[in-house]
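For reference, the structure discussed in these notes is given below.
Laboratory data are not the source of any read-out in this text; all were calculated from the coordinates shown. Remember, it's a predicted structure, so these values are computed and weren't measured experimentally. So basically every Cβ, Gly included, is an ideal-geometry build from the backbone, and we count neighbours across all protein chains shown.
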Amino acid sequence: MTDNNPIYFPIMLDLRERKCVVIGGGKIARRKIDGLIEAGAKVTVIAPKYIEMPTGVEIINRKFEPQDLNDAWLVIAATDSPQVNSQVAEAAAERRVWVNVVDEPQICTAIMPAVIRRGMLSLAISTSGACPVWARRLRDKLADQFGVEYGEMLELLWQARQNWKERAKRLTPGQRKQVWEDVLDLPILDLVRNEKLDEAEKAIMTCLENAMGGTVL
């Protein structure tokens, strides 16, 4: 590994109600803003010119100033000016704020992966900034393999986990892990694909209850 070829640490961020700042008001900035809003972030846009923005976005209609990053959790620089983007990166570094500079991975402290979303399921693909276009192509290829049924299955698993987790405290961590391995060996995905959600839910709960010595009627 060298400074020009870092190994990035993958992480998912909870940005709900957290301040995220986007510098720039063009189409690329808008795509980043849409993603932040989907994640529940409080978005502030700094731009002297901007296209139509989503409802709820705070817009500051002027050039970037370093203090704009105060109290921010994440910053995205999406301007067409390398000089401004560098200024944003420097100001973010001074404040220890994660910054993504579009198409300039060498001055980023955070890079954005290509993402597939299926409900609560997120699949993220990154080339560590080496070739974002390839990351998007890989995402598109995987998108054909992971349909909406994966999100529906995860919703069932999550609900079952919520219903079962208190009783499951009687089991050891190893036992709980094995039970979920057994659940995932069931044909849940096939049932969901065939729109047999009730059967899928019953199969999951039966497996869980059997582990506790009970049955599901």
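In plain terms, if you count all Cα to Cα distances in the range 1-112 and split them into 5 Å steps from zero, the share in each step is 2, 12, 25, 26, 20, 9, 4, 1, 0 percent.
Of Ile11, Ile28, Ile204, the residue with the greatest mean-square motion in the GNM of the chain, using alpha carbon springs below 10 Å, is Ile11. Full extension of the chain between Thr172 and Asp103 yields a length gain of 20.1 nm, computed as 0.36 nm times the residue separation minus the alpha carbon distance.
When all alpha-carbon pairs of the chain are counted, what percent fall beyond 31 Å? Distances greater than 31 Å cover 40 percent of the Cα pairs.
Helix 27-38 and the long axis of the chain differ in direction by around 40°, with both axes built from C-alpha atoms. Let a ≥ b ≥ c be the square roots of the eigenvalues of the Cα gyration tensor of the range 97-145; is it rounded (a/c under 1.5), or, if not, prolate (a/b larger than b/c) or oblate? Oblate. Highest mean packing first, where packing is the average number of other Cβ atoms within 10 Å per residue, the peptides 74-80, 13-19, 94-100 line up as 74-80, 94-100, 13-19. Extension gain, Glu209 to Arg161, is 16.1 nm, computed as 0.36 nm per intervening residue step minus the present C-alpha separation. This ranking places Phe146, Phe9, Phe64 by how few other beta-carbon atoms lie within 10 Å of each, fewest first, which gives Phe9, Phe146, Phe64. In the chain, Cα pairs under 8 Å separated by at least six residues give a relative contact order of 12 percent. Simple point charges give the picture: +1 on the Cβ of Lys and Arg, -1 on the Cβ of Asp and Glu, and for the chain a dipole about the Cα centre of about 300 debye. Look at the alpha carbon pairs under 8 Å that are at least 6 residues apart: their mean separation over the length of the range 148-211 gives a relative contact order of 45 percent. Just so you know, the Rg over Rh for the range 159-202 is 1.04, from Cα atoms, with Rh as the Kirkwood radius. For the chain, the number of Lys pairs separated by eight or more positions or lying on different chains, with C-alpha atoms closer than 26 Å, is 22. Computed from phi, the 3J(HN,Hα) profile of the range 115-125 under the Karplus parametrisation 6.51, -1.76, 1.60 (θ = phi - 60°) reads 10, 10, 10, 10, x, 7, 7, 10, 10, 10, 10 Hz, with x in place of Gly and Pro.
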